1. If you scan segment 26-55, which residues turn out to be polar (S, T, N, Q) and under 23 Å from Q184 (Cβ atoms)?
2. Checking the condition at negative phi, at pLDDT 95 or above and among the β-branched types (V, I, T), which residue from T143, T122, T161, T186 passes?
3. Is it the case that segment 1-11 has a residue that's of a type in the set (S, T, N, Q) and at pLDDT 95 or above?
4. Answer yes or no as to whether E83 is touching a residue at least 24 places away in the same chain (Cβ under 8 Å), more than 22 Å from A176 (Cβ to Cβ) and of a type in the set (D, E).
5. List pairs: first in segment 129-147 and among the β-branched types (V, I, T), second open to solvent by 10 Å² or more (accessible area, probe 1.4 Å) and not in a helix (DSSP H, G or I), Cβ under 7 Å, 6+ apart or cross-chain?
6. Can you name the helices (runs of 4 or more DSSP H) wholly within segment 81-188 that have at least 3 residues being open to solvent by 30 Å² or more (accessible area, probe 1.4 Å)?
7. Looking at (1) farther than 26 Å from D106 by Cα; (2) within 14 Å of the chain's Cα centre (by Cα), can you tell me which one K36 breaks?
8. Scan segment 24-45 and tell me whether some residue there is surrounded by fewer than 14 Cβ atoms within 10 Å (Cβ to Cβ), in a helix (DSSP H, G or I), polar (S, T, N, Q) and out of contact with any strand residue (DSSP E or B) (no Cβ under 8 Å at 6 or more places or on another chain).
Amino acid sequence: MKACEQAKGLSIYQHGLDVANRYRDLHTILHMYAVKGCYNWDIPEQTFLQLRELVKLALHPKDTRTYHVFHDCGKPRCLLIDELGRRHFPDHAKHSAEIFQQLFPDDKRSRDLILKDMLCHTLRGDEAESFSKDPDAPTLIITAWAELHANAEALFGGFDTDSFKIKKKQLSKITAKIYKAQHQSTVS
């Protein structure tokens, strides 16, 4: 993980640490109603309010750190570099879960979160509806926001890029679906 780059000058291990630290920061801001954290965040106001409710159902950062640090541990196994020199990691969540299972056979919780790690980034339509009812959805959506912000500089070129804005819009829609599904289940 330390020898394989996620992006130029950023190892997979460093990325995992960054996600863990950003999750902790965002969790604290949301849970403690803090005004500012250690990092800059670009989250729409309505989405932020929904995340404030979802954080109550999400795992505490001490319970997600191993998952966050190792969530991409399978990327070296599936690394492909295209003709333009771009890095691709097809099916890396599955590879990461398999490797994690070998390293930590007793930590099924982290393995399951690793296996579902990409869902918030890839769900479409009906898939998002059923996923939004998953008890892990609040933890995974807050993780997705931490991952998006961790990748903003290294992969997207900052918060003002089209890539970042497109992914932010997608995560906002999924956050709203998770909020709606989780809110309905707690009210019922």
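The values are calculated or read from the model by the stated rules, or taken from the named source; none is laboratory data. Quick caveat, the model's predicted, so the values are computed rather than measured. Using ideal geometry, Cβ is built from the backbone for each residue, glycine included, and neighbour counts are taken over all protein chains shown. For the accessible areas, the whole protein counts, side chains as well, though only heavy atoms, and no ligand, DNA or RNA atoms are used. Shrake-Rupley method; radii C 1.70, N 1.55, O 1.52, S 1.80 Å.
1. Step one: of segment 26-55, the residues polar (S, T, N, Q) are 28, 40, 46-47, 50.
If the condition is that a residue be polar (S, T, N, Q) and under 23 Å from Q184 (Cβ atoms), then Q46, T47, Q50 are the ones that fit.
2. Details: T122 fails: at pLDDT 95 or above; T161 fails: at pLDDT 95 or above; T186 fails: at pLDDT 95 or above.
So the residue among T143, T122, T161, T186 that is at negative phi, at pLDDT 95 or above and among the β-branched types (V, I, T) is T143.
3. Going through segment 1-11, the residues of a type in the set (S, T, N, Q) turn out to be 6, 11.
Now restrict to residues that are at pLDDT 95 or above: none.
No, segment 1-11 contains no residue that is of a type in the set (S, T, N, Q) and at pLDDT 95 or above.
4. Numbers: touching a residue at least 24 places away in the same chain (Cβ under 8 Å): no; more than 22 Å from A176 (Cβ to Cβ): yes; of a type in the set (D, E): yes.
The answer is no for E83.
5. T139/A58; T139/L59; I142/A58
6. Details: elements: 92-103, 108-116, 119-122, 125-131, 137-151, 162-187.
Ranges flagged: 92-103, 108-116, 119-122, 125-131, 162-187.
7. Here K36 meets the rest and fails (2).
8. no
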